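A short worksheet on the structure shown next.
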Amino acid sequence: MAGTLNKVMLIGHTGDDVKMHYFDENACIGRFPLATNEDYVNKSTGERVSNTEWHNVVVRNKAAEICEKYLKKGDKVYIEGRIKTRKWQDDKGMDRYSTEVHCTEFTFLTPKDQSGVAAPANNQTAQPQNTSQPASQNTSSSLQNDEEEDDLPF
């Protein structure tokens with residue numbers, strides 16, 4: 001294969017509110033932790049095991065402001081982006097590394113009536129980030145009803 005690919009897709013719950021950092025010329029970034037969970041049964045003991053993985057998410061400019069406004073701790077969100085590792089030095093001069101997910105698209109998945117704030121009135125796009133309203137539970141149930149009523153064999 002000639003090319004490479006750096007793409008991440010996550011669905012998880014925010015571990016905190018979005019923390020904003022503002023720079024010159026109205027540029028800004030937002031950062032927040034995202035938790036994804038893995039549940040399985042240990043075959044040797046039969047015990048149910050749950051593991052949580054934490055991801056550092058970074059979102060930029062207008063998309064960051066939208067996330068700050070509408071994402072609250074515990075909200076479920078779909079994140080799409082790329083992995084980026086930063087190198088920095090701590091107070092003692094030691095090299096440290098941080099792995100982050102630089103978000104290019106996101107979708108709020110927590111219904112607006114379950115979140116602490118109202119959802120955006122319409123879909124909003126920030127280049128290159130795309131955002132959309134939370135997914136509606138009614139949409140998925142209506143799709144299931146359409147499939148059940150359809151008597152086609154394929």
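When both region 1-26 and region 35-77 are represented by their alpha-carbon centers, they are found 13 Å apart. With semi-axes defined as the square roots of five times the eigenvalues of the C-alpha gyration tensor, the equivalent ellipsoid of region 30-94 measures 30, 21, 10 Å, largest first.
Summing +1 for each Lys or Arg and -1 for each Asp or Glu among the other residues whose beta-carbon sits under 15 angstrom from that of residue 40 gives -2. Close amide-amide hydrogen proximity is noted between residue 58 and 101, 102, 103, each under 5 Å apart and 5 or more residues distant or on a separate chain (H modeled in the peptide plane; Pro and chain starts excluded).
Give, in nm to one decimal, the length gained when the segment between residue 20 and residue 54 is fully stretched (0.36 nm per residue of separation minus the Cα-Cα distance). That works out to 10.3 nm of additional length. Highest average first, the peptides 100-109, 48-57, 18-27 ordered by how many other beta carbon atoms sit within 10 Å of their residues are 100-109, 48-57, 18-27.
A short reminder: the numbers here are calculations on the coordinates, not readings from a lab. None of these values were measured; they are calculated from a predicted model. Quick reminder, even Gly has a Cβ in these numbers, built from the backbone with ideal geometry, and neighbours come from all protein chains shown.
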